[in-house]
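Working notes, structure below.
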Amino acid sequence: MFAELLLSAAVLTVTAEEARQEVICAETGFSRAAEAKDKDAFLSFVDPDARFISGTVARGRTEIGEAWAATFAEDGPTMRWRPAYVEVSADGKIALSRGPYRSTTVTAGGEINHSWGHFVSTWRRNKDGVWQVMFDSGGDAGMEPTPAEIEILESEPACP
């Protein structure tokens, strides 16, 4: 109980901008894990009670890992996303992140194909103070990215 009170006090001392930066870095780390095809690192960003929607609903880390299996296959698509917008609740416990994503595939003939869209992730600060994804969904697949979205996607936020 005392540890939870200390953690709550620590969370309250984080400014809105600091919390926002934490979520930017969590979202970027989440993407980097997918880019590296590191399933274990990817799932470490996923809340145990998460729900991901992509045609169907995947519930929990096991189902989400199964739903994303193609992404972790060596010959599977490479995913990359970056947040363009991040908003954190006043209590610093919930955040929403939205931005562009790109899925890249390579055909047997070596042709590179990109598919673009937008993602929306809801993050929750867990009891240890770590941000994890609760809800995630992507849409607009096949969209044409704007120059600003390409710039965002190619950015590398200053994160550890």
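Read-outs: derived from the displayed coordinates by stated rules, not from any lab. Here the structure is a predicted model, which means the values were calculated and not measured. Here Cβ is always computed from backbone atoms with ideal geometry, including for glycine, and neighbour counts include all displayed protein chains.
Each residue of the chain gets 122 Å³ once the volume of the Cα convex hull is shared out per residue.
Between Pro157, Pro77, Gly92, the Cα set farthest toward the positive side of the dipole of the chain (charges on each charged residue's Cβ, about the Cα centre) is that of Gly92.
Pairs of Cα atoms nearer than 8 Å and 6+ residues apart set the relative contact order; for segment 51-132 it is 20 percent. Under a GNM of the chain (C-alpha, springs under 10 Å), which listed residue has the highest mean-square fluctuation: Val106, Val46, Val133? Looking only at Val106, Val46, Val133, the biggest GNM fluctuation is shown by Val106.
Under the rule a/c < 1.5 gives rounded, and otherwise a/b versus b/c splits prolate from oblate, where does segment 67-151 land using the Cα gyration tensor? The partial results should precede the final answer.
Details: a/c = 3.30, a/b = 1.75, b/c = 1.89.
Here segment 67-151 falls in the oblate category.
The alpha carbon gyration tensor of segment 29-85 gives principal lengths a ≥ b ≥ c with a/c below 1.5, which makes the shape rounded. A simple charge model with +1 on the Cβ of Lys and Arg, -1 on the Cβ of Asp and Glu and nothing else charged puts the dipole of segment 32-104 at about 240 debye relative to its Cα centre.
222 nm [θ] for the chain, helices only, -39500 (n - 2.57) per DSSP H run of 4+, per residue, to 500?
On the way: 6 runs with 58 residues, N = 160.
Counting only the DSSP helices, I get -10500 deg cm²/dmol.
You can think of it this way: the chain between Asp75 and Glu151 has 24.7 nm of extra reach, that is 0.36 nm per residue less the Cα-Cα gap.
Express in nm, to one decimal, how much length is gained between Thr105 and Val120 on full extension, taking 0.36 nm for each residue of separation and deducting their alpha carbon distance.
3.2 nm
Each residue, Val57 and Asn113, gets one label point 7 Å from its Cα in the Cβ direction; the gap between the two is 3.1 nm. When only Cα pairs below 8 angstrom with a gap of at least 6 residues are kept, the chain shows a relative contact order of 23 percent. Between Ala90 and Thr15, full extension at 0.36 nm per residue minus the direct alpha carbon distance yields a gain of 26.0 nm.
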